[in-house]
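For reference, the structure is listed below as structure tokens.
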Amino acid sequence: MAQRSPRTIRVMVAAAGLAVIAGVLGCGNGLRTVRGKVLLDGEPAPEGVRVIFSALGNTKQADGIVGPDGRFELQTMEAAGVMPGRYKVLLLNSTKSVPVPTVEIKPGVNTPPPEWMAYDREVAKLLENPPQGPGWIPIAYASRDTSTLTFDVPGDGREAVIEVSSMPKVPSR
């Protein structure tokens, strides 16, 4: 094996260091920051509404949760941001109205307590058949097949403003 000069070794160490830093910072992952707000009947959507960007092309799904001010930030899997491309936008109603059980889940027990099973059923029921009227997002926005919302994420990212009405429009004849 040939001896390397101290300069060559320093260059190799520096290059390895830069590769590690780039990996940690996510450099080159292609994700763009997308923050935004959801407006329901012109007001900030309820805290806990889930925003899903469902990929329409060769991209990955991204999602976020609406905060108390109607704002959200999207992430793809565990990384902040969204790949550039066209997305179908889905909105799932907040489940914060369903009381969370205060039962302790014991380590090593594979079966959840009955209270958690009941909670899961209530959440599923709310998401599958949400109440209708002011303060609730119509179920049509929860399905990729029926949502009419789309968003294009450009190469530089941008704010997403998603406006919906709790009273779906009836098509005119």
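The values are calculated or read from the model by the stated rules, or taken from the named source; none is laboratory data. Because the structure is predicted, anything quoted here is derived from the model rather than measured. Note: ideal-geometry Cβ built from the backbone for every residue, glycine included; neighbour counts use all protein chains shown.
Just one residue in the set Leu127, Leu91 is outside any loop (DSSP other than H, G, I, E, B), touching a Phe, Trp or Tyr at 6+ places or on another chain (Cβ under 7 Å) and aliphatic (A, V, I, L, M); that residue is Leu91. For Leu149, the conditions (1) aliphatic (A, V, I, L, M); (2) within 24 Å of Gly81 (Cβ to Cβ); (3) free of Cβ contacts under 8 Å to residues at least 60 places away in the same chain are fulfilled apart from (3).
Report yes if some residue within the range 45-52 is in a strand (DSSP E or B), modelled with pLDDT of 95 or more, under 14 Å from Glu159 (Cα atoms) and in the same structural domain as Ala142 (by TED's automatic domain parsing); otherwise report no. Before you say what the answer is, go through the steps one by one.
Taking the range 45-52 as the starting set, the residues that turn out to be in a strand (DSSP E or B) are 50-52.
Adding the requirement that they be modelled with pLDDT of 95 or more leaves 50-52.
If we keep only those that are under 14 Å from Glu159 (Cα atoms) as well, we get 51.
Those still in the list that are in the same structural domain as Ala142 (by TED's automatic domain parsing) too: 51.
The answer is yes, given that some residue of the range 45-52 is in a strand (DSSP E or B), modelled with pLDDT of 95 or more, under 14 Å from Glu159 (Cα atoms) and in the same structural domain as Ala142 (by TED's automatic domain parsing).
Within the range 111-123, residues that are within 19 Å of Thr95 (Cα to Cα) have Cβ atoms under 6 Å from residues that are not in a helix (DSSP H, G or I) in these pairs: Glu115/Pro101; Glu115/Val103; Trp116/Pro101; Tyr119/Pro101; Glu122/Val98; Val123/Thr95; Val123/Val98, counting only partners at least 6 apart in sequence or on another chain. Among residues of the range 98-110 that are among the basic types (Lys, Arg), those with a Cβ under 9 angstrom from a residue that is surrounded by 10 or more Cβ atoms within 10 Å (Cβ to Cβ) and part of a loop (DSSP other than H, G, I, E, B), sequence gap 6+ or separate chain, pair up as Lys106/Pro113.
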